[in-house]
Amino acid sequence: MPVKKILAAAALFALASCDPMYGQDPYGPQPYPGPAPYPQDQYPGAPTPYPGPAPYPQQPYPGTPAPYPGQPYQPSPPECVISSSRDWTAWINRMPGTGAPTLVISGKVVTPTGGYQVAFDPRLQVRKGSPAQAFVTLDVASPGGAPASQAQVIHEVRWEWPLNQPIGSVIVSCGDKTLAEITRIQTAY
């Protein structure tokens, strides 16, 4: 008995969903015709509806806008002149007698010419999570007025940051480049 009621309800639903207008537009004839060709396609030599290309060369988007009053100037990250890097290590120093635990990161970077000074930014950023992820940045100072050699120069960099939590990985960056992702971090007791 319930199966017959279900089938009868399904038949009524199907009948109700049929088109009672038999293909006619329920709103009557439309006052606007279908899509028309573009104006330039109607006859040869017709004016184009859009302006032509700009008569001047496109300029790149300007750099950082002036800061709002009362806010410090935030320059965009400088382009990094480091051409390559290698031998990155990260370890946590928990040896007795050294004080609080520290994160030690070292590696070698190559600059295209001599005279550059490369050092870690002393600020450490930690993204909380499981495991936590640390972010460190290298700063490169230009040679200034000193004559620079044309040979590539290898700089050894090393820094220590106080750290009270375990770290799963370290990202080393310079400007907008990621130089290394260190995932093997050992602890020395």
Filtered residues of the range 107-124 (kept if in a loop (DSSP other than H, G, I, E, B) and in contact with a Ser or Thr (Cβ under 9 Å, 6 or more places away or on another chain)):
PRO112, THR113, GLY114, GLY115, TYR116, ASP121, ARG123
Being out of contact with any Gly (no Cβ under 9 Å at 6 or more places or on another chain), modelled with pLDDT of 90 or more and loosely packed, with under 12 Cβ neighbours inside 10 Å, is that true of even one residue in the range 111-122?
yes
Within the range 92-106, take every residue that is at negative phi and part of a loop (DSSP other than H, G, I, E, B) and give me the one that is surrounded by the most Cβ atoms within 10 Å (Cβ to Cβ).
PRO101
Only one of THR137, THR187 is surrounded by 16 or more Cβ atoms within 10 Å (Cβ to Cβ) and either among the polar types (S, T, N, Q) or within 27 Å of the chain's Cα centre (by Cα) (or both); which?
THR137
Would you tally the residues in the range 77-91 being surrounded by 15 or more Cβ atoms within 10 Å (Cβ to Cβ) and part of a loop (DSSP other than H, G, I, E, B)?
3
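The values are calculated or read from the model by the stated rules, or taken from the named source; none is laboratory data. None of the values given here were measured: they were computed from a predicted structure. Cβ: placed from backbone, ideal geometry, glycine included. Neighbour counts: every protein chain shown.
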